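Below is one structure; the comments refer to it alone.
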Amino acid sequence: MKYRLVVRRVKATGGRRFDVFEVEAEPDESVLDVVERVSLQGDRTLTFEHACHHGVCGACGMVINGVERLACITRIGEVARGGVVVVEPLRGFRVVSDLAVDKSRMFGKYRLVTPTTLEKLDSRLDRVEFEKLYDCTECGICYSACPIANTFKDYLGPSLLAIVSRSAEGRVPAVIDSRAGVWACHAAFECSVRCPVDFKPGESIMRLRRRLLKGEVEVEG
Amino acid sequence: MELVGVLKSWFRVRGRSFEHFSFSVRRLTGVVMALYLLLHLIDISTLVLGKEAYDALLGLFGGRLGLVADSLLWSALVLHGTLGVYSAIVELGYMLEHRRLLLILAWALAVVLIAVGVWVIACALA
Ligand code: SF4
Ligand code: FES
């Protein structure tokens with residue numbers, strides 16, 4: 001079947017534009033497969049991220065026809081509207097190039113996460129140890145979907161607060177109990193609805209709030 | 001962040017969930033009520049211009065226009081209130097497992113209260 005893939009391009013050299021690619025694809029193929037095909041056969045400068053191709057690494061998050069999804073587990077036939085699929089970079093992050101965004105806003109705050117939420121991976125590269133979160137795929141979809149994260153740049157964000165909430169053993173850093181922390185959330189719950197692994201960040205934030213209000217969690221600093 | 005970006009993010013409802021839509025309604029009605037407060041301050045400050053000026057402004061809102069304006073204001077008030085109660089409950093960490101149901105109840109209550117309020121306003125202005 002023929003699809004029209006519309007890609008929002010953002011390059012450091014020139015402003016924004018939408019490029020249109022006509023592609024032949026089966027409805028069961030993933031959006032990521034189609035984007036890859038376009039990059040191989042259509043435009044080698046198209047930039048995007050991916051790794052695992054099966055919804056685990058969280059690298060391929062993008063906005064597909066207005067909704068945040070992991071492109072590798074999204075069938076093109078299910079999301080196309082009139083044969084058209086518009087792909088855009090995740091919102092709430094600085095765009096590096098095309099569909100690739102800088103997620104340091106999320107990763108940069110991981111020092112607040114206590115080790116209980118991390119699993120050490122066996123693989124080693126020289127002497128670097130790999131660590132991965134148990135549940136959250138660190139895709140950043142929740143940041144993109146959240147109306148607060150999109151408009152309040154200091155907000156720590158849904159995934160980070162959810163991870164802290166699940167790992168806090170009675171103590172949290174002061175920033176968690178601040179305007180940039182749990183108190184910024186205003187119950188839009190789009191994070192929980194869009195999270196591809198059902199991590200439910202919204203609910204976790206509210207539970208952490210309740211524990212803070214009840215004095216069950218001590219605030220450090 | 002620029003205003004357009006903020007508005008787009010708060011009021012983006014296409015492709016969004018029922019929860020996000022309700023968040024947008026909550027924000028919008030909040031803004032409407034803040035604007036009304038401003039309008040109301042202007043309205044009562046016409047008193048310093050004398051009874052005629054005040055009555056003339058009030059007269060504007062009699063009849064059809066009054067019905068529409070009061071109904072819209074009442075609807076905004078009710079929606080902000082009912083969705084606000086829903087929000088307060090879940091934001092304190094309660095009923096999280098049943099938040100969808102709670103939200104549906106908040107909307108149902110809002111619809112009933114809006115209908116009753118508009119009927120009362122219509123009777124009063126008739
Ligand atoms: S909480 Fe869900 S949406 Fe957010 S980064 Fe983790 S996996 Fe992605
Ligand atoms: S490529 Fe890993 S989640 Fe999509």
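The values are calculated or read from the model by the stated rules, or taken from the named source; none is laboratory data. What you see is a predicted model; the values in this text were computed from it and never measured. Heads up, the Cβs are rebuilt from the backbone with ideal geometry, glycines too, and the neighbour counts pull from every protein chain shown. What goes into the accessible areas is simple: the full protein's heavy atoms, side chains included, and nothing from ligands, DNA or RNA. Shrake-Rupley method; radii C 1.70, N 1.55, O 1.52, S 1.80 Å.
Which value results for Rg/Rh of chain A when Rg is the Cα radius of gyration and Rh the Kirkwood radius based on the inverse mean 1/r? Intermediate values should be presented prior to the final figure.
Working: Rg = 18.8 Å, Rh = 18.5 Å.
Reported Rg/Rh, Kirkwood definition of Rh: 1.01.
If I stretch the segment between A:Val197 and A:Ser178 completely, what's the gain in nm (0.36 nm per residue apart, minus their alpha carbon distance), one decimal?
Numbers: separation 19, 0.36 × 19 = 6.84 nm, distance 2.73 nm.
In short, 4.1 nm is gained.
What is the dipole size for the range B:19-125, taken about its Cα centre, with +1 at each Lys and Arg Cβ and -1 at each Asp and Glu Cβ, in debye to the nearest 20?
Numbers: 6 positive and 7 negative charges, 41 e Å.
Dipole size: approximately 200 debye.
With the solvent-accessible surface defined on protein heavy atoms using a 1.4 Å probe, which residues belonging to the range B:7-32 display a reduction of at least 30 Å² in accessible area in the multichain context relative to the isolated chain?
B:Ser9, B:Arg12, B:Arg14, B:Gly15, B:Arg16, B:Ser17, B:Glu19, B:His20, B:Phe23, B:Arg27
What's the center-to-center distance, using Cα atoms, between the range A:183-221 and the range A:157-182 in Å?
8
Number of Lys-Lys pairs in the protein assembly as shown under 18 Å by Cα, sequence gap 8 or more or different chains?
Values: A:Lys11/A:Lys103; A:Lys103/A:Lys132; A:Lys103/A:Lys153; A:Lys109/A:Lys132; A:Lys109/A:Lys153; A:Lys120/A:Lys132; A:Lys153/B:Lys8.
Counting lysine pairs in the protein assembly as shown gives 7.
Grab the beta carbon distance between A:Arg81 and A:Arg111, set R0 = 56 Å, and tell me the FRET efficiency rounded to 0.05. Could the numbers behind the result be given before it?
Values: r = 42 Å, r/R0 = 0.74.
According to the calculation, E is roughly 0.85.
Please report, largest first and rounded to whole Å, the three semi-axes of the ellipsoid equivalent to chain B, where each semi-axis is the square root of five times an eigenvalue of the C-alpha gyration tensor. Numbers along the way, then the final one.
Working: eigenvalues 215, 74, 31 Å².
The equivalent ellipsoid of chain B has semi-axes of 33, 19, 12 Å.
If you plug each phi of the range B:32-38 into the Karplus form 6.51 cos²θ - 1.76 cosθ + 1.60 with θ = phi - 60°, what whole-Hz ³J(HN,Hα) values come out, in order, with x for Gly and Pro?
Calculated HN-Hα couplings, in order: 4, 5, 5, 5, 4, 4, 4 Hz.
Nearest 100 Å², what total accessible surface is buried between chain B and chain A (probe 1.4 Å)?
Details: alone 8830 and 11440 Å², together 18180 Å².
Heavy-atom accessible area buried at this interface is about 2100 Å².
As a check on your grasp of the helix formula, calculate [θ] at 222 nm for the protein assembly as shown: sum -39500 (n - 2.57) over DSSP H runs of n ≥ 4, divide by the residue count, round to the nearest 500.
Numbers: 12 runs with 150 residues, N = 347.
Estimated from H runs of four or more residues: -13500 deg cm²/dmol.
Tell me which of A:Val172, A:His54, A:Phe21 sits at the most positive position along the dipole axis of chain A, charges placed on C-beta atoms (Lys, Arg +1; Asp, Glu -1).
A:Val172
Roughly how many percent of the accessible protein surface of the range B:60-101 is carbon and sulfur, given a 1.4 Å probe and a whole-percent answer? The partial results should precede the final answer.
Values: 1750 of 2350 Å².
Solvent-exposed carbon and sulfur of the range B:60-101 make up 75 percent of the total.
In percent, how large is the relative contact order of chain B, given Cα pairs closer than 8 Å and 6 or more residues apart? Could you put the intermediate results ahead of the total?
Details: 77 pairs, mean separation 33.3, N = 126.
Relative contact order comes out at 26 percent.
Could you look at chain A and say what percent of its accessible area is carbon and sulfur, using a 1.4 Å probe and all protein chains?
Looking at chain A in its full context, I get 50 percent from C and S.
Sort B:Glu52, A:Glu22 from largest to smallest accessible area, using a 1.4 Å probe on the heavy atoms of the protein chains.
Details: B:Glu52 140, A:Glu22 105 Å².
Listed by decreasing accessible area, they come as B:Glu52, A:Glu22.
With a 1.4 Å probe and every protein chain left in place, work out the accessible area per residue of the protein assembly as shown in Å², rounded to a whole number. List each step's numbers first, then the result.
Working: 18180 Å² over 347 residues.
Per residue, the protein assembly as shown has 52 Å² of solvent-accessible surface.
Express the relative contact order of chain A as a whole percentage, based on alpha carbon pairs under 8 Å and six or more residues apart in sequence. Intermediate values should be presented prior to the final figure.
Details: 407 pairs, mean separation 36.7, N = 221.
After rounding, I find 17 percent.
So for the range A:2-101, what are the equivalent ellipsoid semi-axes in whole Å, largest first, each being the square root of 5 times an eigenvalue of the Cα gyration tensor? Don't skip to the answer; put the middle values down first.
On the way: eigenvalues 70, 50, 31 Å².
That gives 19, 16, 12 Å for the three semi-axes.
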